[in-house]
Amino acid sequence: MRPKTAAERSARVQKILAVLDQMYPSATCALHHSSPWELLVATILSAQCTDKRVNEVTPGLFKKYPTIQDFAGANQTELAQDIRSTGFFNNKSKSVIGAARKILSDFRGEIPRTIEELLTVPGAARKTANVVLGTAFGIASGVVVDTHVQRISRRLDLTKQTEPVKIEKDLMKIIPKEKWILFSHQIILHGRALCVARKPLCAECGLNPLCYAKDKTAP
């Protein structure tokens with residue numbers, strides 16, 4: 001039954017969060033990195049690309065360009081070829097070089113720790129900024145909204161919006177702030193494991209009793 005009151009809707013959200021904690025208690029960012037800067041680069045590269053592919057590219061990339069100064073001084077055409085397999089490589093190479101130069105010139109080489117400052121960095125829109133602040137610094141600046149979070153938030157009727165920024169606003173209203181970081185990681189894992197785009201594995205899903213999505217699959 002769909003909840004009818006605000007109290008019932010809130011109780012349902014709490015149940016969803018409890019089930020996610022049971023299913024994915026230690027969910028974290030899948031992008032491999034050893035510093036906030038490396039995470040920023042990896043997140044920029046992950047746009048329209050799988051984390052698996054990015055993780056295949058970044059070890060060689062960070063070996064070739066070990067410091068933020070190396071990226072700032074990189075040849076854009078050469079860097080584009082280094083990241084070619086992640087797709088949209090021309091735009092991504094411009095963003096990474098621009099990000100390196102911006103951080104060196106405006107932030108003394110340190111990744112800024114506020115959403116407002118980080119959004120001034122080339123390549124760092126809200127999703128990227130939220131990933132970096134949440135994973136690298138434990139700062140809950142918002143909810144990461146990628147394709148999995150978009151799809152599953154709508155399936156779970158946590159939002160009716162289609163635009164990431166509007167979806168994030170809806171989620172920030174109903175998800176406790178202390179859960180923002182973990183929630184997005186859990187939903188992303190869930191989207192890869194069970195709640196896939198086509199033919200979700202509803203029979204295996206602990207959220208099945210709480211879900212009334214129109215595209216649920218029969219057991």
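The values are calculated or read from the model by the stated rules, or taken from the named source; none is laboratory data. What you are looking at is a predicted structure, and each value in this text was computed from that prediction instead of being measured. Here the Cβ is made from the backbone with ideal geometry for all residues, glycine too, and neighbour counts use every protein chain on show. Remember, those area values only see protein heavy atoms, side chains included, never the ligands or the DNA or RNA. Shrake-Rupley method; radii C 1.70, N 1.55, O 1.52, S 1.80 Å.
Each row is one residue, and each column tells you yes or no for (1) closer than 19 Å to residue 187 by Cβ; (2) among the polar types (S, T, N, Q).
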| position | (1), (2) |
| --- | --- |
| 3 | no, no |
| 7 | no, no |
| 16 | yes, no |
| 26 | yes, yes |
| 29 | yes, no |
| 33 | no, no |
| 37 | no, no |
| 40 | no, no |
| 51 | yes, no |
So, in the range 105-121, how many residues would count as being surrounded by 16 or more Cβ atoms within 10 Å (Cβ to Cβ) and under 13 Å from residue 37 (Cα atoms)?
4
Would you kindly identify the helices (runs of 4 or more DSSP H) lying entirely within the range 127-219 that contain at least 3 residues that are touching a Gly at 6+ places or on another chain (Cβ under 7 Å)?
147-155
Options 136, 140, 100: the member that is under 22 Å from residue 32 (Cβ atoms), within 13 Å of the chain's Cα centre (by Cα) and either among the aliphatic types (A, V, I, L, M) or surrounded by 20 or more Cβ atoms within 10 Å (Cβ to Cβ) (or both)
136
Pick out the one residue from 175, 152, 167 that is touching a residue at least 12 places away in the same chain (Cβ under 8 Å), within 17 Å of residue 30 (Cβ to Cβ) and not aromatic (Phe, Trp, Tyr).
152
Candidate set: the range 131-188, residues that are of a type in the set (Ser, Thr, Tyr) and in contact with a helix residue (DSSP H, G or I) (Cβ under 7 Å, 6 or more places away or on another chain); chosen: the one farthest from residue 202 (Cα to Cα)
141
In this structure, is residue 61 under 23 Å from the mean Cα position of the chain (by Cα) and either over 15 Å from residue 39 (Cα atoms) or open to solvent by less than 80 Å² (accessible area, probe 1.4 Å) (or both)?
yes
What residue, among those in the range 1-46 that are in a loop (DSSP other than H, G, I, E, B) and touching a Ser or Thr at 6+ places or on another chain (Cβ under 8 Å), is most open to solvent (accessible area, probe 1.4 Å)?
32
